[in-house]
Amino acid sequence: MKVPPPGAPYVDEAASPGHSCGPSSGVLRWFAVYTTCRHEKRVAEHFSSRTIDHHLPLYRSERKWRDGSRITLDLPLFPGYIFAHIDPRERVRVLSVPGVLAIVGGTGGDPAPLPDAEIEAIRLGIAQRRVEPHPLLTVGQRARIRNGAFAGMEGVVVRNKNSFRVVLTLEQIMHSMAVEVDAGDLEPVGELAGQGALSLVPGAAFASSICLQGA
């Protein structure tokens, strides 16, 4: 049986249809769905044909071929994952879709819902800012985004040439994305809160993604 990357718990695809999902049953919630590597778009097509509400965040990446030509591709922001908006009691509909391996769950084995605000921020933020995948960051100066669709979300600050990026992590799937922001849109959190301008703390620990995207 295939399982999600380390740090991302899962619900077995053979889970019993009659298993109770707790007090959240009957309410539509967002869940992270783990897919076969490089099959995220195919799963999204199956979801559409089965009228399963879903969201597959994509980012644009420019690739250069050996002949010198360039092409722009729309690639999954979180490789190996797609988000489904479902009643937890109907998860068997999701698990029966070709290419779906599991629904990410909590320590008790039940599906673990994602906050609606996070999914909505991703939906709107991708259209407003430059966003791309980023290796998982565990060390660095934390900051809060003050403006735009990602307002209120906290992450680790990194510098990219002349701009700042905030690395936001979805804890349930242990995947990160880098959001390009202006320094004025950030405020420090934690021990540095209230001390004024941000400074970059060097050093970071990284965890590689299992599902790698190709051209």
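Worth pointing out:
- S48 meets each of the listed conditions (1) over 19 Å from G26 (Cβ atoms); (2) in contact (Cβ under 8 Å) with a residue 24 or more places away in the chain; (3) part of a helix (DSSP H, G or I); (4) more than 17 Å from the chain's Cα centre (by Cα) apart from (2).
- Scanning the range 109-128 for residues being buried (at least 19 other Cβ atoms within 10 Å of the Cβ) and at pLDDT below 90 gives a total of 2.
- Taken over the range 105-133, the residue count meeting the criterion of being over 15 Å from the mean Cα position of the chain (by Cα) and assigned to a helix (DSSP H, G or I) is 2.
- Some residue of the range 137-152 being at pLDDT below 90, within 26 Å of A84 (Cα to Cα) and assigned to a strand (DSSP E or B): yes
- Per this entry, A44 is counted among residues that are closer than 14 Å to R93 by Cα, at pLDDT 55 or above and among the small types (G, A, S).
- Single condition V156 does not satisfy, out of (1) assigned by TED's automatic domain parsing to the domain that holds R38; (2) not charged (D, E, K, R); (3) not in a helix (DSSP H, G or I): (1)
The values are calculated or read from the model by the stated rules, or taken from the named source; none is laboratory data. Only a predicted model underlies this, so the values are computations on that prediction, with no experimental measurement involved. With ideal geometry, Cβ positions are generated from the backbone for all residues, glycine too; neighbour counts draw on all protein chains shown.
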